[in-house]
Amino acid sequence: MPLVTWIKAGTSATALVLATAGAASAAPSVEPPSAQAAVVTLRYDDSRAAGWEAAIAAGVASWNANVTNVRLVEAAPGGAAEIVIVATTGWPQATLGPVRPGRQVRVELGSQAVNQGYNKTRIAAHELGHSLGLPDTKPGPCSQLMSGSSAGTACTNAVPNATERSRVQSNYANGVTSSVVTDGRTLVDAP
Ligand SMILES: [Zn+2]
């Protein structure tokens, strides 16, 4: 019933709907229905983010280790992606999500921040936080991922705190049918 509804509504990528349905039917009644339906998979394309691969991988791993309602996976080469990550020579910036499957947001990882001494993994995790719908919380302490540059160049924390984790969990709480609206603004992370 929900599967038919999603396809007719056309609100998400068919492949994702089918993948979700396949996973759900492959493991019947092991978990409560709400847990099965909750995980949203978002693909990221970092093929134009040369030099940032390790930082992106670490930032992605941080999010995947700290939230359960949404999962970030690398897009297939040349394939579709919800999060397009590119390297630039400017300041880091990103579209404010939360991005939905089949839609797209952009992350720019700017070398100007690296030249100023900011930590690359924290930058990548912070910008991905914007993709997942977290705004900036500046000024703020190093313990906040979304305090960004305001925590100073010595801050290398790339782990979202409890409040940040909880907000992302809420943004993706009802899977692809979540009612939280994508913001769409571009946030520039210049100090
Ligand atoms: Zn920011």
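The values are calculated or read from the model by the stated rules, or taken from the named source; none is laboratory data. For clarity, every value in this text was computed on a predicted model and none was experimentally measured. Using ideal geometry, Cβ is built from the backbone for each residue, glycine included, and neighbour counts are taken over all protein chains shown.
Against the list (1) over 15 Å from ALA55 (Cα atoms); (2) outside any helix (DSSP H, G or I); (3) touching a helix residue (DSSP H, G or I) at 6+ places or on another chain (Cβ under 7 Å); (4) β-branched (Val, Ile, Thr), the condition THR156 fails is (1). Across segment 173-186, the qualifying residues are those that are surrounded by fewer than 17 Cβ atoms within 10 Å (Cβ to Cβ) and outside any loop (DSSP other than H, G, I, E, B), and the one among them that is farthest from the ligand (Cβ to nearest atom) is THR177. Checked against the criterion of being within 16 Å of the ligand (Cβ to nearest atom), modelled with pLDDT under 95 and surrounded by fewer than 15 Cβ atoms within 10 Å (Cβ to Cβ), segment 153-166 contains not a single residue that satisfies it. Filtering SER111, SER170, SER131 for residues that are of a type outside the set (A, V, I, L, M, F, W, C), surrounded by fewer than 19 Cβ atoms within 10 Å (Cβ to Cβ) and under 21 Å from THR41 (Cβ atoms) leaves a single hit, SER170.
When the residues of segment 141-152 are narrowed to those that are small (Gly, Ala, Ser) and touching a Lys or Arg at 6+ places or on another chain (Cβ under 9 Å), which ends up nearest to the ligand (Cβ to nearest atom)?
Out of the qualifying residues, it is GLY148.
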